[in-house]
Amino acid sequence: MTYTTQVVVIGGGQAGLAAGYHLRRLGLDFVILDAQSAPGGAWQHAWDSLHLFSPAAYSSLPGRLMPSQSGETYPDAQHVVEYLTDYEKRYELPVERPVRVLGVHRDGGLLRVETDSGTWYARAAISATGTWWRPFLPAIPGHAAFEGRQLHTVEYRSPADFAGQRVIVVGGGNSGAQIAADLAHDTDLTWVTQRPPRFLADDIDGRALFDAATARRRALEEGRTDTGGVASLGDIVAVPPVREARDRGLLKASPMFSRLVPGGVEWVDGTRAEADTIIWCTGFRPALAHLAPLGLRGARGHIATEGTRAVGEPRLHLLGYGDWTGPASATLIGVGRTAREAAHQIARRLSA
Ligand code: FAD
């Protein structure tokens, strides 16, 4: 089947929905193509204990405040899924799922979006496919030698799966700290981080992070000194379970080991730790394979952007992924502003 529309939005997570909200307000004809079979993007796949690092009111998409969750200051992932499900219904966003975009191509004056369920022709596209779908594993010698189980953040669900085991959690970011805190009570845990963990002050949550990202954007726009933004504050938000495990002395980090051995890991001085399981909380990369036919990727794997617009293809905008597509674009509260910018630029271009 072949379809035509003005704008194709690729990805129906929070970033794609925020784009849809603004495209609808501008009266544009569009479709949102999402590979998942249900609403909620990556939040559907989060581990059981994951909670947001911001209160509900600071985790909202444009137009509709996230309701608070009864008994929880920081809502859990299921609450976010329910919010996104309600959001797309409320604004009658035209989401087609499951539809996986395989490639975006230039085709005369249009973009041709090839999917596993047909071809869409559009005058513009917004890519909002997130990062969860491209887990990153560092190249450490001995990966194949280790005889236990290895998994990435994306496969972790709950401590019950590892009760009584010797578990090594690798990673000093939020995922690593939260999963280590989750496992600290029921397993023999070793937490390994590349540099000593940097906890943010206990009173800093997503609200303060958003303010820091906004202040940085303003400073840069006004030609003032770079404030350093969120990264200057630390790496790990001290959400209640992390704080509790840290305060009980359960979150002591060891430095990074140098290789895996059949029974565990080994540090450069020859010290070893035995392990049944290694959980790699080592981050993600933007899921951009569908844009390969456009040949836009630069040296660091990113696509160069001016705001949200791809420098090498002005009909393409990118939302989410990381700060390179706009400050806090990969957060619930931050993506609204960049989605608005993308939708307005597309509307101007289409009417020119
Ligand atoms: P996603 O939620 O990943 O949605 C992208 C959608 O695109 C998915 O449905 C996917 O299936 C689809 N897709 C991918 N490829 C294709 C394709 N080729 N064709 C069609 N569809 C495709 N942010 C906060 O604001 N607060 C927090 O507390 C917070 N905590 C986080 C905790 C963790 C562990 C992680 C990883 C992130 C957290 N974030 C948080 C960051 C961010 O809000 C989430 O990563 C969020 O899921 C990003 O939304 P998104 O729409 O950009 O991507």
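The numbers here are math on the coordinates, done by the rules we state, and not lab data. Remember, predicted model here, so these are calculated numbers, not experimental data. Here the Cβ is made from the backbone with ideal geometry for all residues, glycine too, and neighbour counts use every protein chain on show.
Per-peptide packing, taken as the mean over residues of other Cβ atoms within 10 Å, places 266-273, 278-285 in the sequence 278-285, 266-273 from highest down.
Shape call for the range 1-157 from the C-alpha gyration tensor, a ≥ b ≥ c root eigenvalues: rounded (a/c under 1.5), prolate (a/b greater than b/c) or oblate?
Taking the square roots of the gyration eigenvalues as a ≥ b ≥ c, the range 1-157 is oblate.
At R0 = 30 Å, how high is the FRET efficiency between residue 72 and residue 218 if r is their beta carbon distance? Nearest 0.05 is fine. Calculated transfer efficiency: 0.40.
Return 92, 147 ranked ascending by Cβ neighbour count within 10 Å, so the fewest neighbours appear first.
92, 147
Pop the C-beta distance of residue 85 and residue 211 into the FRET formula with R0 = 35 Å and round what comes out to the nearest 0.05.
0.75
Legend: calculated FRET efficiency, residue 299 to residue 157, from the Cβ-Cβ distance at R0 = 45 Å, rounded to 0.05, equals 0.80. Based on C-alpha pairs under 8 angstrom that are at least 6 apart in sequence, the chain has a relative contact order of 22 percent. Cβ crowding within 10 Å, taken as a proxy for footprinting-reagent exposure, orders 70, 60 from fewest neighbours to most as 70, 60. Add -39500 (n - 2.57) for each DSSP H run of 4 or more in the chain, then divide by its residues: what number comes out at 222 nm, to the nearest 500 deg cm²/dmol? Value at 222 nm, helices only: -7000 deg cm²/dmol.
What percent do you get for the relative contact order of the range 163-203 when only Cα pairs under 8 Å and 6+ apart count?
Numbers: 46 pairs, mean separation 19.9, N = 41.
With pairs under 8 Å counted, the relative contact order is 49 percent.
Between the alpha-carbon centres of the range 255-283 and the range 104-183 there is a gap of 21 Å.
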